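Heads up: the structure comes next, in structure tokens.
No lab work stands behind these numbers, since they all come straight from the coordinates. It should be emphasised that the depicted structure is a prediction, and the values quoted were computed from it without experimental measurement. So basically every Cβ, Gly included, is an ideal-geometry build from the backbone, and we count neighbours across all protein chains shown.
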Amino acid sequence: MREFDCVVVGAGPGGYVAAIRAAQLGAKTAIIERNKIGGTCLNWGCIPTKALYYSAKTLDKARHAAEFGVNVGEVSFDLSKAVERKDGIVKKLVGGVEQLLKGNKIEVIRGNAYLESAGKIRVSNGDATEEITGKSVIIATGSEPAMIPAFNIDRVNVLTSTEMLDLKQVPESLLVIGGGVMGCEFATLFATFGSSVMIVELLPTILSTEDRMVARVIAKRFKETGVSVLTEVQVESVTPENGKVKTRLKDGREFITEKVMVAIGRSFNSAGIGLDKLGVTMDRGRIAVDERMETNVKGLFAIGDVTGKMLLAHVASTQGIVAANNAAGKVALMDYSIIPAGIFTDPEIASVGLREKEAEEKGIPVSVGRFPYAASGKALGMGETEGFVQLVADPGTDKVLGCSIVGAHATDLIGEVAVAMKAGATVKDIADTVHAHPTLPEMVMEAAEDVHGMAIHKIGRKK
Ligand SMILES: Cc1cc2nc3c(=O)[nH]c(=O)nc-3n(C[C@H](O)[C@H](O)[C@H](O)COP(=O)(O)OP(=O)(O)OC[C@H]3O[C@@H](n4cnc5c(N)ncnc54)[C@H](O)[C@@H]3O)c2cc1C
């Protein structure tokens, strides 16, 4: 029986990062993976969607090239070529992670892991089985698309995000169930590719966790690009028939589309790995952990989507680093207060910390500064004038509490605010920092100035 200091189950962005950090800290480390190295993020999540996002952006730019004085002739789009490009990027990144694991002398064991006891794991791969031990074990088994029986997800015409990423032809029509992050990202992609797209959403708005003004920018763009959005509607049934799909709503309306995408959430990969037998505390399918990422069973840690905290790759990785440190006898605590998040709609959305809406709901007094893309020279030059930067601050201490950005490169801009928050910076600190001109980050500086009614390039200053 092979013995390790640390065994990680699952090689997604949680697991592989935890394994590398454990190895860096001197632990003899193994990682078990039943499918592909890189997990959801690299193979069916963050990376493939963003590769396709840039195909969509390039297509959109080509369509509007004449506005920039560039004549490209008739523009056409080949989804199979875009998917081929996406596959190449995924392959390159997966290969890179495999090299990193090898370079850190981490034993990669292929197969399905099952916990016989807290430190003993059985790995099955076809007919072969192996038992290994780990002084500490980190569960990083992630999540999968939620399969709703009533929606008849046949993976041919009724699809999850996984199959959507491998479509070789643009469907003429697409109905997306769920107007959350994933639904809106895929609606953006396929509307740009040329599908006639409809989103159906149970709640009163799409992107309901975002500030109203932010969600409104995307709703407006959807309107302009022909994406129809039905809110406060419930899907009763989804039935594949005659090569198409019939979606029936509770109010009796029916729609026939070529494809349906179900984007209503994820289920956690916590069943069938022996956790119940070990008495691990669970919370509706999620593995319960403390701030050290340890479960109620000593030496057994859990990280990433399977903990159900925030289903984001960088959260999984950060949790992985915290778990690896604690497994190595160091003390590290997970802090969720400054987690940036991005949404790849067009324009992009990004946020960190407190949103204005959240402050209102919780009755937290805040001061807010806003700066529009339309007033930025760089954004004008780029032809990306939709959106704004919004900073939320503590009126007493002037500390930055949060930020929401909707607009081009929002997901890149948010990093500055995250660093400022981590450093305990005030709004004045950002406003006093000289920002290069002409750049998009100038808008963060102007939004900071606007908190005190002092933005230079904005009229209608506060008194
Ligand atoms: C379409 C889509 C787009 C996304 N876009 C973004 C984005 O832009 N930014 C972002 O931050 N996040 C994004 N996410 C979320 C992100 O992919 C996840 O939060 C992240 O992958 C979670 O990492 P993880 O390590 O916890 O789990 P996963 O990446 O799911 O990896 C878990 C791994 O464990 C393996 N495994 C499971 N059970 C076993 C077992 N018993 N034995 C052995 N191996 C096992 C699985 O095969 C898998 O490889 C997206 C997700 C999707 C679906």
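Quick look at the numbers
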| quantity | calculated |
| --- | --- |
| Backbone N within region 176-193 under 18 Å of label point (7 Å from Glu361 Cα along the Cβ vector) | 179-182 |
| Estimated 222 nm signal from helices in the chain, with DSSP H stretches of n ≥ 4 weighted -39500 (n - 2.57), rounded to 500 | -9500 deg cm²/dmol |
| Region 58-73 - phi-based ³J(HN,Hα) in whole Hz, Karplus 6.51/-1.76/1.60, Gly and Pro as x | 5, 4, 4, 4, 4, 5, 9, 4, 4, 4, 9, x, 10, 9, 10, x |
| Percent of beta bridges antiparallel (DSSP, the chain, rounded to nearest 5) | 60 |
| Whichever aspartates and glutamates have a C-alpha closer than 13 Å to that of Lys92, once near sequence neighbours (fewer than 8 apart) are set aside | Glu84 |
| Violating pairs (Cα-Cα greater than 29 angstrom) within the set Lys378/Lys422; Lys28/Lys86; Lys50/Lys362; Lys120/Lys422; Lys28/Lys50 | Lys28/Lys86; Lys50/Lys362; Lys120/Lys422; Lys28/Lys50 |
| Cβ crowding within 10 Å averaged over residues, with 273-284, 204-215, 52-63 ranked highest first | 204-215, 52-63, 273-284 |
| Cα gyration tensor category, rounded, prolate or oblate, for the chain with a/c compared to 1.5 | oblate |
| Span per principal axis, largest first, for the Cα atoms of region 55-152 (Å) | 66, 46, 25 |
| Karplus 3J(HN,Hα) series, Hz, for region 177-190 with 6.51 cos²θ - 1.76 cosθ + 1.60 (x for Gly, Pro) | 8, x, x, x, 4, 5, x, 5, 5, 5, 4, 4, 4, 6 |
| Charge-dipole axis of the chain as Lys and Arg at +1 and Asp and Glu at -1 on Cβ define it, positive-most pick from Ile364, Val417, Gly320 | Gly320 |
| Residue-wise HN-Hα coupling along region 79-94, computed from phi with Karplus coefficients 6.51, -1.76, 1.60 (Hz; x: Gly, Pro) | 4, 4, 5, 5, 5, 4, 4, 4, 4, x, 5, 4, 4, 4, 5, 4 |
| Size of electric dipole in the chain: Cβ of Lys, Arg +1 and of Asp, Glu -1, about Cα centre, debye, nearest 20 | 500 |
| Estimated distance in nm for a label pair at Lys91 and Lys168, the labels positioned 7 Å out from Cα along Cα-to-Cβ | 1.5 |
